[in-house]
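Reading through the structure tokens given below for one structure.
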Amino acid sequence: MADNFKIESKKIWIPLQGIQISDDQLKIGCLQRIADSLEKMEAPYLRLIGDVESLTRCREELIAETEHLSRCNSNLRGAITRLKKRK
């Protein structure tokens, strides 16, 4: 029945003899179509939110790895300096 309201609300509605849809039913169909379109608009938004969260995690991991490599590099430079002083 709900799909019928949506279908009927898409039509150009003029009073005809026979089966007529009431104004309230037409409004219900319009509201249901609006709700469907909002749900369709929500999907890309949720995908973007997921992408942002994923990229944020990736960024944090890369920052941690960069800091680790920087410390390793510093330690290795210190080891090289100590080896040079032994000679």
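Laboratory data are not the source of any read-out in this text; all were calculated from the coordinates shown. Since we're looking at a predicted model, the values are computed, not measured. Heads up, the Cβs are rebuilt from the backbone with ideal geometry, glycines too, and the neighbour counts pull from every protein chain shown.
What are the residues whose amide H is under 5 Å from the amide H of Ile21, where those residues sit 5 or more places off or on another chain and H is modelled from the backbone?
none
Order 51-63, 29-41 from most to least packed using the mean count of other Cβ atoms within 10 Å.
29-41, 51-63
Between Lys84 and Glu39, what is the label-to-label distance in nm when each label sits 7 Å out along the Cα-to-Cβ direction?
Using points 7 Å along Cα→Cβ, the separation is 6.9 nm.
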